[in-house]
Amino acid sequence: MKHTIGLTALFLCLLTASAGATSPVYPEIRALSNDDALFVQQQAALDDFRRLSSARGDVVYPPLDIFEYPKRAAEDLFSLNARLGMRYDTLATLNGTADKATFGLQSRVLVPSQEGLFLNNPPRGDLEDMMLSTRMAEGKKPQELVVVRNGRSSAVYFFPGEEFTPMERSYFLGILFRLPVDRPRITSLFGWRKDPFTGSPEFHGGIDFGAPEGTEVHAAREGTVDEAGQSDALGNFVVITHPGGYQTVYGHLSSICVTMKEKVSTGAVIGFVGRTGRATGPHLHFEMRTRAGLRDPYQLLAMKKN
């Protein structure tokens, strides 16, 4: 699949970062209506791109053009997504925004002539790292471009036609992983603490949720059961691998009701709270792992820290 960037856009992309953040760098769409010639041009190019994307075989895309739009105060990512008829993940990633709230703070928005995902080169943050590594593992080859955002040149990867996976969409929207136990009581946080048995300092790699024995434990996200077994420390435990390189661990279960390699949906019951293994009372030990190591579940769970 071949792709080029338009000569005008390429020239503008290579401008130095000295350009004023409020000055138009790309051709400026002033109104999202057919009275604006550049809006009409952008919409026609988008239609051409979609027709080509639906064709079979190797596709040679037309040049990519980028426009600039002065966003009104009342406009947000989803109102622009609707008025432009363009996917919000394309708008968000081209503008380098990690979430919908950040997008809303921008006064000027970049609008492309094609849909796809734009990732910083190198990627910034967990979401972009997940998006890039997933697509590279699938053998997809991005285009390497330079765009100017707020007066600064940024190297980006462009994957034409790509869109957020369900996991990436949830991450972007802040709907990450659900709580593994309903209405839990947190008894131990992630990080250094005193070992409850010896009193010595130890690193606690997850969160402990206190709950009555027999309480249902739910899969925090859809995925595949990678391990289901027993250990001296965790007792009965389950490890689920999720799309994007994440794993969740559920320990001290009284019993397990899933099997190895079983696919589970978000919220599926995978076991029940217990006190097996090295535990002082009934609770769920919950861990979150990434390729880079352990993560504090608070950063990814759909909950707020007290």
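Within the range 210-245, restricting attention to residues that are in contact (Cβ under 8 Å) with a residue 60 or more places away in the chain and assigned to a strand (DSSP E or B), the residue that is nearest to residue 127 (Cα to Cα) is 242.
The numbered conditions (1) at pLDDT below 95; (2) open to solvent by less than 20 Å² (accessible area, probe 1.4 Å) are all true for residue 158 except (1). Only residues that are open to solvent by less than 70 Å² (accessible area, probe 1.4 Å), free of Cβ contacts under 8 Å to residues at least 24 places away in the same chain and polar (S, T, N, Q): list them for the range 24-49, please. Within the range 24-49, 33 is the sole residue that qualifies.
Filtering the range 111-121 to residues that are on the phi < 0 side of the Ramachandran plot, open to solvent by less than 10 Å² (accessible area, probe 1.4 Å) and under 23 Å from the mean Cα position of the chain (by Cα) leaves 111, 112, 114, 117, 118, 119, 120. Given the condition touching a Pro at 6+ places or on another chain (Cβ under 8 Å), modelled with pLDDT of 95 or more, more than 24 Å from residue 264 (Cα to Cα) and of a type in the set (A, V, I, L, M, F, W, C), answer yes or no: does some residue in the range 127-142 qualify? No, every residue in the range 127-142 fails to be touching a Pro at 6+ places or on another chain (Cβ under 8 Å), modelled with pLDDT of 95 or more, more than 24 Å from residue 264 (Cα to Cα) and of a type in the set (A, V, I, L, M, F, W, C). All of 91, 105, 52 fail the test of being open to solvent by 40 Å² or more (accessible area, probe 1.4 Å), under 18 Å from residue 173 (Cβ atoms) and without any contact (Cβ under 8 Å) to a residue 24 or more places away in the chain, apart from 105.
Residue by residue, here is whether (1) modelled with pLDDT under 95; (2) surrounded by fewer than 22 Cβ atoms within 10 Å (Cβ to Cβ); (3) hydrophobic (A, V, I, L, M, F, W, C) holds:
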| site | (1), (2), (3) |
| --- | --- |
| 194 | yes, yes, no |
| 213 | no, yes, no |
| 217 | no, no, yes |
| 224 | no, yes, no |
| 229 | no, yes, no |
| 238 | no, no, yes |
| 250 | no, no, no |
| 255 | no, yes, no |
| 260 | no, yes, yes |
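Taking the condition open to solvent by less than 50 Å² (accessible area, probe 1.4 Å) and either at positive phi or in contact with a helix residue (DSSP H, G or I) (Cβ under 9 Å, 6 or more places away or on another chain) (or both), does residue 267 pass? Yes, satisfied. As a summary of the residue check, residue 169 satisfies the conditions (1) touching a helix residue (DSSP H, G or I) at 6+ places or on another chain (Cβ under 9 Å); (2) assigned to a loop (DSSP other than H, G, I, E, B); (3) surrounded by fewer than 19 Cβ atoms within 10 Å (Cβ to Cβ) except for the one numbered (2). I'd like to check something: does the range 283-293 contain any residue that is open to solvent by 20 Å² or more (accessible area, probe 1.4 Å), without any contact (Cβ under 8 Å) to a residue 12 or more places away in the chain and in a loop (DSSP other than H, G, I, E, B)? Yes. Flag: residue 298 does not match the condition of being aromatic (Phe, Trp, Tyr) and part of a strand (DSSP E or B).
If only residues of the range 55-88 that are among the aromatic types (Phe, Trp, Tyr) and crowded, with 16+ Cβ neighbours inside 10 Å are counted, the one that is farthest from residue 162 (Cα to Cα) is 69.
Screening the candidates 154, 200 for the property of being polar (S, T, N, Q), touching a residue at least 24 places away in the same chain (Cβ under 8 Å) and on the phi < 0 side of the Ramachandran plot yields one hit, 154.
The values are calculated or read from the model by the stated rules, or taken from the named source; none is laboratory data. What you are looking at is a predicted structure, and each value in this text was computed from that prediction instead of being measured. All Cβ positions, glycine included, derive from the backbone under ideal geometry; neighbour counts span all protein chains shown. These accessible areas exclude ligands, DNA and RNA; they are computed on the full protein's heavy atoms, side chains included. Shrake-Rupley method; radii C 1.70, N 1.55, O 1.52, S 1.80 Å.
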